[in-house]
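> Quick one: the structure is below, and I'll ask about it shortly.
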Amino acid sequence: MPDPAVFFRESARVLRPGGRVLVTTLLPGTLGEMERAWKQADPEGVHVNRFAPEKQITGGLEQAGLKMTWRQTLAEVCHYPDARTGARAVKDVGAHNMNPGRPARLTGKARWQAFEHAWEQVRTARGLPLTYHVLFLEAIKR
């Protein structure tokens, strides 16, 4: 959700009074293991999307005149056998690096190996962890 205020203004515009909007979005810290590994492998690059903080999301909702009726957060940790499988899983859900400052170059073999090595440092018995911080919320138009 690049700009929660824009999203919620448009939601409020199209909803009738009493209408509701249901939102699921990712919060900061999502893909943190991957982000930290990339920071070690490529300190200048931005490889993981940035996510709006919950306060910014709920602030945009309130500014649009919507009333939050329910919210829940969840940290879901997935585990992967190797970095390639974990990175592929992220791509398979449709994720693309949308950040300004993202690398304009292809990732070379040495940089990829450095990323793999860095991520391996947090391996558990279940595999390489990758955490998704998820916000679910419901709001109604007053």
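Every number here is computed from the coordinates shown, using simple stated rules; none is lab data. Computed from a prediction, not measured in an experiment: that's the story for all the values here. Because the Cβ atoms are built from the backbone with ideal geometry, glycine has one as well, and the counts that use them run over all protein chains shown.
> Could you tell me whether the stretch 64-82 includes any residue that is exposed (fewer than 13 other Cβ atoms within 10 Å of the Cβ), within 28 Å of P129 (Cβ to Cβ), among the acidic types (D, E) and in contact with a Phe, Trp or Tyr (Cβ under 7 Å, 6 or more places away or on another chain)?
For the stretch 64-82, residues exposed (fewer than 13 other Cβ atoms within 10 Å of the Cβ), within 28 Å of P129 (Cβ to Cβ), among the acidic types (D, E) and in contact with a Phe, Trp or Tyr (Cβ under 7 Å, 6 or more places away or on another chain): present.
> Just checking, how many residues over the stretch 1-50 are acidic (D, E) and either exposed (fewer than 13 other Cβ atoms within 10 Å of the Cβ) or in contact with an Asp or Glu (Cβ under 7 Å, 6 or more places away or on another chain) (or both)? Give the derivation first.
Of all residues in the stretch 1-50, those acidic (D, E) come to 3, 10, 33, 35, 42, 44.
Still in the list and also either exposed (fewer than 13 other Cβ atoms within 10 Å of the Cβ) or in contact with an Asp or Glu (Cβ under 7 Å, 6 or more places away or on another chain) (or both): 3, 10, 44.
Total satisfying the criteria: 3.
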